[in-house]
Amino acid sequence: MQAVGDFTQWLRAQPETDHVASLSDVYKRLNKNMHGDDVAFYQLPLDRQLAAQYLLMYEMSLPYGLDLNNQINVDKSSIKMVLTTQNLGSVEMVDIEERIYSWFRANAPQYDILLQAQH
């Protein structure tokens with residue numbers, strides 16, 4: 001999850017970025033909530049088991065029919081992030097795509113990524 005959090009921050013710093021929806025934000029909010037809404041805890045939980053417990057608790061608290069299937073697959077082996085950008089031409093889209101692949105090669109080569117553009 002640390003790599004996802006780092007990548008989320010990197011994406012938000014890109015000039016083309018309007019918005020990023022990331023599971024790391026859910027974890028940060030849960031960690032803060034579980035510590036009395038102390039802003040100092042708006043960070044990813046450091047313990048992997050604690051993070052898993054937070055996610056389970058969060059999923060169990062969602063109303064019937066709501067879940068995290070739009071952000072994480074059933075077996076928890078992959079996540080979906082959504083990047084909303086300014087209106088970009090094909091050259092700019094290829095550029096940001098190349099930067100994303102470069103970021104993963106340099107910072108999280110153990111992960112596979114799949115980019116999908118939607119209009």
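Quick rundown of the values:
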read-out: Subset of region 74-101 that is open to solvent by less than 50 Å² (accessible area, probe 1.4 Å) and not aliphatic (A, V, I, L, M) - its residue that is modelled with the lowest pLDDT; value: Gly89
read-out: Residues of region 102-119 that turn out to be part of a loop (DSSP other than H, G, I, E, B), open to solvent by less than 60 Å² (accessible area, probe 1.4 Å) and not small (Gly, Ala, Ser), as a count; value: 1
read-out: Matching residues, region 31-58, being in a loop (DSSP other than H, G, I, E, B) and not hydrophobic (A, V, I, L, M, F, W, C); value: His35, Gly36, Asp37, Asp38, Tyr42, Gln43, Pro45, Asp47
read-out: Given (1) in contact (Cβ under 8 Å) with a residue 12 or more places away in the chain; (2) of a type outside the set (Phe, Trp, Tyr); (3) open to solvent by 80 Å² or more (accessible area, probe 1.4 Å), number of the condition Leu66 does not satisfy; value: (1)
read-out: Looking only at region 1-42, and only at residues there that are among the aromatic types (Phe, Trp, Tyr) and farther than 20 Å from Asp112 by Cα, the one that is surrounded by the most Cβ atoms within 10 Å (Cβ to Cβ); value: Tyr27
read-out: In region 23-40, the residues that are free of Cβ contacts under 8 Å to residues at least 24 places away in the same chain and not basic (Lys, Arg); value: Ser24, Asp25, Asn31, Asn33, Met34, His35, Gly36, Asp37, Asp38, Val39, Ala40
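The values are calculated or read from the model by the stated rules, or taken from the named source; none is laboratory data. Given the structure is predicted, the values throughout are model-derived calculations rather than measurements. With ideal geometry, Cβ positions are generated from the backbone for all residues, glycine too; neighbour counts draw on all protein chains shown. Accessible surface areas use protein heavy atoms only, side chains included; no ligands, DNA or RNA. Shrake-Rupley method; radii C 1.70, N 1.55, O 1.52, S 1.80 Å.
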